[in-house]
Amino acid sequence: MSRVRSSGVGVLTLFALFLAMTTALFAQSDTAAISGFAKDATGATVPNANVTIKNEATGLERKATTNESGYYIVPNLPPGFYTVRVHHGFFETPDVPQALREARRFGLAMDVDTATFFIGRETLVPAEKSELGSWRNRLYRALASAALSPARFYHLPTNRVVELGTQIAI
């Protein structure tokens with residue numbers, strides 16, 4: 001049984017290698033099942049979370065929803081390498097440093113406190129002669145200025161971020 005952790009309403013991708021065959025009574029089968037509990041950062045189970053399981057070799061995706069106990073099962077999968085994604089909620093709040101710390105359990109040895117994070121960004125600037133109407137220019141600039149910075153959105157330490165980008169004239 002695999003355990004899947006979902007941080008808050010975020011999405012956490014876990015990789016699992018499932019090459020086991022299931023056995024039902026005295027018969028053998030060529031399929032496997034992936035099951036587990038979706039849990040948030042506090043360890044509480046997450047009911048009604050959407051679970052997507054993708055076979056990395058074939059691209060085949062299967063979907064399930066956790067029950068009221070946070071449990072899910074996807075049966076009849078061919079053995080292979082799968083990505084398991086759990087998503088719950090409307091607004092995601094990804095915390096990249098926390099996800100990397102949790103990934104240590106799976107063999108990813110990364111010191112988050114000394115890592116440098118590179119972010120790509122586009123900035124809207126007014127053009128000398130815009131093809132858009134003036135109200136669209138104001139609207140796009142207002143929307144862009146209200147957006148969170150990528151560093152804040154992903155909870156990255158500001159002293160460890162290198163921001164690369166371009167300016168787009170509208």
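We did not get these values from a lab; they are worked out from the coordinates using the rules stated. This one's a predicted model, so the numbers in the text were calculated from it and none came from an experiment. We place every Cβ from the backbone using ideal geometry, glycine too, and count neighbours over all the protein chains shown.
How would Glu122, Glu128 line up from fewest to most surrounding beta-carbon atoms within 10 angstrom?
By the 10 Å Cβ count, ascending, the order reads Glu128, Glu122.
Give me the lysines in straight-line cross-link reach of Lys63: C-alpha distance below 17 Å, same-chain residues under 8 apart excluded.
Lys54
What's the long-distance tail for the stretch 88-170, i.e. % of Cα pairs beyond 16 Å?
Here the tail beyond 16 Å accounts for 65 percent of pairs.
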